[in-house]
Amino acid sequence: MATADAGHVPDDAELDVPEGTEIYRCPYCEYPLQTERLWILHLGIEHNSKMDEAQRARYEDEHDEETHDLFTLHVKLTVVIILLYFGLTYSYMFVWS
Ligand SMILES: [Zn+2]
């Protein structure tokens, strides 16, 4: 887990948000985020020490969900790589033998 002040948003970042776009803006650094899930993850990573208990519980739920989604993506990518490997290996065997 990242530390509270690690920060991935550069201080001099110039962000251009189109008019009329629904965004979730960070109350601490004004950083615009596209979804509520990204907003709560941003709070947990960037401003962890400033969060209240409700936000922290929500962040932990969203973090668990994000971790699960990332694990699922990795499993899917592993299956695709294995299928590609065997597909290319069998193709090679039939073409070159
Ligand atoms: Zn922020």
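Just so it is clear, none of the values below were taken in a lab; they were calculated from the coordinates. Given the structure is predicted, the values throughout are model-derived calculations rather than measurements. Reconstructed Cβ throughout: ideal geometry from the backbone, glycine too, with neighbour counts over all protein chains shown.
Things to note:
- Residue with peak Gaussian network fluctuation, the chain [Cα springs, cutoff 10 Å], from Y28, Y59, Y85: Y85
- Exposure proxy ranking, count of Cβ atoms within 10 Å, fewest first, for W96, W39: W96, W39
- Contour minus Cα-Cα distance for E53 and Y85 (0.36 nm per residue): 6.8 nm
- Normalised by the number of residues in the chain, the average gap of Cα pairs under 8 Å and 6 or more apart makes the relative contact order 23 percent.
- Electrostatic dipole magnitude of the chain [Cβ: Lys, Arg +1; Asp, Glu -1; Cα centre; debye, to 20]: 660 debye
- Arranged from fewest to most other beta-carbon atoms within 10 Å of their beta carbon, I45, I40 become I45, I40.
- Over the residues of the chain, the helix contribution to mean residue ellipticity at 222 nm works out to -20500 deg cm²/dmol, using -39500 (n - 2.57) for each DSSP H run of at least 4.
- Across all directions, the average projected area of the convex hull around the alpha carbons of the chain is 10.1 nm².
- Relative to the longest principal axis of the Cα atoms of the chain, the long axis of helix 53-96 lies at roughly 20 degrees.
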